[in-house]
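Data block below; observations after.
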Amino acid sequence: MSVLPEAIETIFQQVKARNPGEDEFHQAVKEVLESLGPVLVKYPEFSDHKIIERICEPERQIIFRVPWQDDRGEVQINRGFRVEFNSALGPYKGGLRFHPSVYLGIIKFLGFEQVFKNALTGMPIGGAKGGADFDPKGRSDAEIMRFCQSFMTELHRHLGEYTDVPAGDIGVGGREIGYLFGQYKRLTNRYESGVLTGKGIGWGGALVRKEATGYGAVYFVREMLRVRNDSLEGKTCVVSGAGNVAIYTIEKLLEMGAKVIACSDSQGVIVHEQGVDLALLKQLKEEERRRIEDYALHHKDARYLPGGNIWDVPCQVAMPSATQNEINGRDARKLVRNGCIAVAEGANMPTTPDGIRVFIEAGIAYGPGKAANAGGVATSALEMQQNASRDSWTFEFTEQKLDDIMTGIHAATWETAEEFGAPGNYVIGANITGFIRVANAMLALGLI
Ligand code: NDP
């Protein structure tokens with residue numbers, strides 16, 4: 001990856017100084033800025049109007065107290081966040097994460113990436129992200145509901161179908177979106193379906209939203225392999241995580257004739273050379289909310305590796321679908337050495353800068369999260385369209401739209417990478433394509 005040109009380096013140092021201690025945010029900003037040198041040469045107006053400086057500063061950052069009572073009657077206090085990063089292209093859009101590791105730096109990195117990802121979809125959505133340092137693990141349904149109600153009691157004043165539209169992310173799935181939507185409806189006295197996405201089918205939700213991020217990531221790999229005259233048929237794959245993105249990544253990989261031999265959670269790794277049993281995985285994770293360790297109780301030929309590293313498992317296609325910085329330089333080298341030819345990121349920023357360098361230098365097909373996992377938010381935008389027109393589309397129709405969007409993102413990032421002298425480099429392709437779309441809108445809207 002290139003060294004930052006001087007003017008951009010100065011901006012990056014300012015971003016670091018203004019946002020101390022937010023390492024993940026610095027990492028996400030640096031990755032984008034490293035791609036932008038040639039853009040400023042071609043479009044000097046972006047420098048004149050300080051677009052980069054403005055794009056790195058969120059439009060609004062909200063931090064709030066979330067008090068709630070647990071089942072024993074004890075008062076608990078968490079911290080809630082919503083970072084409304086950029087609304088040049090449309091209402092703020094981006095998920096909510098409930099995880100104990102959440103702090104401002106994580107929400108800002110996710111919000112920053114979301115701005116460019118949403119631009120890549122070509123849909124009218126700005127970028128935001130939110131969440132709380134709340135740990136849902138081991139909490140009862142009643143506790144989750146009380147937490148969600150308290151969280152929304154503050155957040156609702158900042159939301160609206162034309163203002164800011166959250167969705168799920170780690171720790172926030174259909175159950176949480178239900179409780180959040182219920183409280184929003186109660187507080188505002190409005191059935192404003194378009195204010196949240198990822199809703200249940202039957203009360204405003206859209207078919208394919210649950211599957212969209214995983215399916216979309218697989219479409220992206222299919223395209224990366226297609227331009228290399230290859231396909232997923234018969235490929236051995238490894239998918240990290242066992243949550244929403246991982247499960248539907250596995251489902252689509254299997255549909256496309258690939259074989260998935262490993263998945264994981266934060267405690268360990270399951271290796272099943274016969275092929276991961278998707279029905280069992282869904283039962284354990286979606287219905288029973290159990291640990292992945294229990295998978296091995298059902299399949300004696302599967303191995304559970306407590307604390308294991310999934311990237312040590314040899315594969316041809318790797319799909320990180322758990323969390324940020326889960327693949328470091330060492331892991332990337334191991335993957336390449338073991339014969340990996342494609343990596344597509346279902347998770348956000350799962351590869352460290354060292355790891356990215358290894359993939360790019362090795363010349364493997366590497367699809368960064370901004371492009372590869374954009375299918376989730378794109379389908380959220382399709383859910384908003386259906387809500388606005390009080391319509392509901394079939395699974396097949398919506399899935400075809402998702403496929404078209406992912407194929408379009410692949411084509412745009414591929415072409416931009418070529419245009420800017422970095423053929424096959426989807427990092428540069430995604431960063432530049434997304435940036436130019438947002439920058440042009442910001443120029444058109446005046447000094448905002
Ligand atoms: P889920 O909460 O459904 O699942 C997350 C999975 O990742 C779980 O298996 C979890 O294991 C594992 N995980 C989480 N944190 C860690 C950690 N620190 N170390 C190791 N494993 C971890 O979340 P999603 O599937 O929705 O999200 C996964 C990733 O995809 C995230 O990076 C998210 O930002 C990204 N993403 C999600 C989208 C969506 O539509 N949901 C859209 C675009 C990107 P455990 O249960 O043990 O914690």
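The values are calculated or read from the model by the stated rules, or taken from the named source; none is laboratory data. Keep in mind it's a predicted model, so treat the numbers as computed, not measured. Heads up, the Cβs are rebuilt from the backbone with ideal geometry, glycines too, and the neighbour counts pull from every protein chain shown.
Structure data summary
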read-out	value
Selection within segment 222-241 - closer than 13 Å to G257 by Cβ and among the hydrophobic types (A, V, I, L, M, F, W, C)	L225, L232, C237
Verdict on F220 being touching a His at 6+ places or on another chain (Cβ under 7 Å), part of a helix (DSSP H, G or I) and either crowded, with 23+ Cβ neighbours inside 10 Å or not β-branched (V, I, T) (or both)	yes
Whichever residue in segment 233-251 is away from the ligand (no atom under 13 Å from the Cβ) and buried (at least 22 other Cβ atoms within 10 Å of the Cβ) and, among such residues, is farthest from G174 (Cα to Cα)	C237
Answer from L253, L180 - the residue that is touching a strand residue (DSSP E or B) at 6+ places or on another chain (Cβ under 8 Å), aliphatic (A, V, I, L, M) and farther than 27 Å from E273 by Cα	L180
Count - residues of segment 145-195 that are touching a Pro at 6+ places or on another chain (Cβ under 9 Å) and surrounded by 19 or more Cβ atoms within 10 Å (Cβ to Cβ)	12
K137 within 16 Å of the ligand (Cβ to nearest atom), in the same structural domain as F109 (by TED's automatic domain parsing) and without any contact (Cβ under 8 Å) to a residue 24 or more places away in the chain	yes
Exclusive hit being under 15 Å from the mean Cα position of the chain (by Cα) and more than 9 Å from the ligand (Cβ to nearest atom), set Y179, Y162, Y215	Y215
Tally, over segment 252-292, of residues that are within 11 Å of the ligand (Cβ to nearest atom) and among the charged types (D, E, K, R)	6
C315 vs. criteria within 14 Å of the ligand (Cβ to nearest atom), closer than 21 Å to G214 by Cα and touching a residue at least 40 places away in the same chain (Cβ under 8 Å)	no
Residues located in segment 372-400, provided they are of a type outside the set (S, T, Y), closer than 14 Å to L207 by Cβ and more than 16 Å from the ligand (Cβ to nearest atom)	Q385, Q386, N387, D391, W393, F395, E396, F397, Q400
Output for segment 61-75, where each listed residue is touching a residue at least 40 places away in the same chain (Cβ under 8 Å) and out of contact with any Gly (no Cβ under 6 Å at 6 or more places or on another chain)	Q61, I62, I63, R65, P67, W68, Q69, D70, D71
Flag if L196 is within 26 Å of E288 (Cα to Cα) and not assigned by TED's automatic domain parsing to the domain that holds G95	yes
Residue match in segment 313-322 (condition: under 27 Å from E22 (Cα atoms), of a type in the set (A, V, I, L, M, F, W, C), outside the structural domain of G173 (by TED's automatic domain parsing) and buried (at least 21 other Cβ atoms within 10 Å of the Cβ))	yes
Selected residue [under 19 Å from A439 (Cβ atoms), surrounded by 19 or more Cβ atoms within 10 Å (Cβ to Cβ) and at pLDDT 95 or above] from F98, F85, F81	F85
Flag for N325 being surrounded by fewer than 24 Cβ atoms within 10 Å (Cβ to Cβ) and within 15 Å of the ligand (Cβ to nearest atom)	yes
Selected residue [of a type outside the set (S, T, N, Q), in the same structural domain as E143 (by TED's automatic domain parsing), modelled with pLDDT of 95 or more and under 21 Å from C148 (Cβ atoms)] from P67, P91	P67
